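Quick notes on the structure that follows.
The values are calculated or read from the model by the stated rules, or taken from the named source; none is laboratory data. Predicted, not measured: the structure shown is a model, and the values here were computed from it. Glycine also receives a Cβ, built like all others from the backbone with ideal geometry; neighbour counts cover every protein chain displayed.
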Amino acid sequence: MNMKCVYIYTIGCQMNVYDSEMFKKVLRPLGYIPTDEVEDADLVIVNTCTVRKKAEEKAFSFLGRMRALKKKNPELIVAIGGCVAQQEGAAILRRMPYVDLVFGTRAYARLAAMVKTFEYDRVPVVDVEMTMGVADEIPTPAMDAEVEVSRFVTIMRGCDNFCSYCIVPYVRGREESRDPDAIVQEVKELVARGAREVTLLGQNVNSYGKKEDLCDFPELLRRVSEVEGLERIRFATSHPKDLSPGLVEAYRDLPKLCNHIHLPVQSGSNAVLKKMNRKYTREDYMQRIDRLKEVRPDIALTSDMIVGFPGETDEDFAETLELVKAVGFSGIFAFKYSDRPNAPAVGYEGKVSEEDKSRRLASLLDLEKELSEKRNLSYAGTTVEVLVEGRKEVKGVLQWTGRSSCNRVVNFTEGDKASDANLVGKVVPVYIEVGLPHSLRGVLV
């Protein structure tokens, strides 16, 4: 078999990263191996995100650059997958006729057949049918004998929440949960290949299993935690309205569950939350935070925020800043609101000016920076457990790098414990000497 090269450019969420690994696996039988150089590729795939306008523009910008590459190499196959492909479908071919394949969020199991067909007849293919269910998932994206220390595992797809600003239910479909035995088996296979941490993925992991009458999410966490050799479990994303007492108990009872939760609040204003259709109040959110802190007093909390939602006033935004301070988030992913196709908020009145959105975003990010730096400084003089992910040379000095249970990046040296031992995949104690704005620095204990 003649070996060919595939270059995959991934934009967006962790689920897209997981899906891109799936692309590699389904294309392997056709002779495609991954390359990091787009100029060497026989097949180029951009895996896209459309949650925000900027991500969509990024995808089309990348595709625009492929025009010259295609002209230089007419045999090159150019493909677009993911959420933008699902949203736009055949319109992409009309806009960019040098694109050959368009495949949606539920079509990657058919990707190999699409590529093979195109190689034969060179006729563009569009497949945005949402016919692939979770039962058709292709588990265990790892192809090599060894894998990275930390891996993603999708446990469900789609979303039933229909937040008024969000396009996800329209491009990823309705919620479907994978069989828990298949999930546990995938985790076991990843651990056997060297993974020591898994992040369980879904648009709303808290609703896992409800529609299919499977085990609930806390029970799934317990089953995954029983996998021998697995050191840590993370998950994303968790919807505040569905955060159950059982999940709080899992934080109390499961040592492998990392001391961190990403719980998107989006706004601190009840008026805005109602218009967003988030189905909880500011008070509901704070009650859930309090419950988590009762069982894990030092838990690291991160969140998503949208500024400039239609109708948001300065008073509403002030409530968001107050909530951020009250929770004490260790990190925030903040974005300016942008209209997305099909989302109800497109038709809402009271659109906020770009100037006001930019001003509010800057204020929020300044506060986030202040809180993050304060938390990092608090680690100085303490010892944290670090899952080692790799090693790098910085100014002539070899440093190990990894993450704490609280999801802080930690760079450290071995000090007087230097040896030839490979620490990758091991959990080691590190004394934190300095807390920096975006990471911690220390020495092996």
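Can you find even one residue in the stretch 62-81 that is under 18 Å from Val125 (Cβ atoms), small (Gly, Ala, Ser) and in contact (Cβ under 8 Å) with a residue 60 or more places away in the chain? For the stretch 62-81, residues under 18 Å from Val125 (Cβ atoms), small (Gly, Ala, Ser) and in contact (Cβ under 8 Å) with a residue 60 or more places away in the chain: present.
Note on the stretch 271-295: residues that are more than 30 Å from Val386 (Cβ to Cβ), surrounded by fewer than 18 Cβ atoms within 10 Å (Cβ to Cβ) and without any contact (Cβ under 8 Å) to a residue 24 or more places away in the chain amount to 4. Set side by side, the residues Glu249, Glu294, Glu283 differ, and just one is under 24 Å from Cys166 (Cβ atoms) and at pLDDT 95 or above, which is Glu283. Scanning the stretch 68-107 for residues that are crowded, with 19+ Cβ neighbours inside 10 Å, under 15 Å from Val128 (Cβ atoms), aliphatic (A, V, I, L, M) and modelled with pLDDT of 95 or more yields Ala79, Ile80, Val84, Ala85, Ile92, Val99, Leu101, Val102. Is it the case that some residue within the stretch 142-150 is surrounded by 22 or more Cβ atoms within 10 Å (Cβ to Cβ) and not β-branched (Val, Ile, Thr)? No. There is at least one residue in the stretch 169-182 that is of a type in the set (Gly, Ala, Ser), assigned by TED's automatic domain parsing to the domain that holds Ala250, part of a helix (DSSP H, G or I) and surrounded by fewer than 18 Cβ atoms within 10 Å (Cβ to Cβ).
Of note, Glu312 satisfies the criterion of being over 30 Å from Cys215 (Cα atoms), acidic (Asp, Glu), in a loop (DSSP other than H, G, I, E, B) and touching a residue at least 24 places away in the same chain (Cβ under 8 Å).
Applying the selection to the stretch 370-390, what residues are more than 17 Å from Ile432 (Cα to Cα) and surrounded by fewer than 14 Cβ atoms within 10 Å (Cβ to Cβ)? The answer is Glu370, Gly390. Just a yes or no: is a residue in the stretch 388-404 over 30 Å from Thr50 (Cβ atoms), part of a loop (DSSP other than H, G, I, E, B) and among the β-branched types (Val, Ile, Thr)? No, the stretch 388-404 contains no residue that is over 30 Å from Thr50 (Cβ atoms), part of a loop (DSSP other than H, G, I, E, B) and among the β-branched types (Val, Ile, Thr). The set of residues in the stretch 212-265 being touching a residue at least 40 places away in the same chain (Cβ under 8 Å), among the basic types (Lys, Arg) and not in a helix (DSSP H, G or I) consists of Arg232, Arg234. Which of (1) of a type in the set (A, V, I, L, M, F, W, C); (2) at pLDDT 95 or above; (3) part of a helix (DSSP H, G or I); (4) within 17 Å of the chain's Cα centre (by Cα) is the odd one out, the single condition Ile8 does not satisfy? If we test Ile8 against (1) of a type in the set (A, V, I, L, M, F, W, C); (2) at pLDDT 95 or above; (3) part of a helix (DSSP H, G or I); (4) within 17 Å of the chain's Cα centre (by Cα), just (3) comes out false.
Taking (1) under 28 Å from Lys53 (Cβ atoms); (2) small (Gly, Ala, Ser); (3) not in a strand (DSSP E or B) in turn, Ala334 satisfies each apart from (3).
Of all residues in the stretch 418-444, those that are outside the structural domain of Glu197 (by TED's automatic domain parsing) and without any contact (Cβ under 8 Å) to a residue 60 or more places away in the chain have Cβ atoms under 9 Å from Cβ atoms of residues that are assigned to a loop (DSSP other than H, G, I, E, B) and polar (S, T, N, Q), 6 or more apart or on another chain, in Tyr431/Thr382; Ile432/Thr382.
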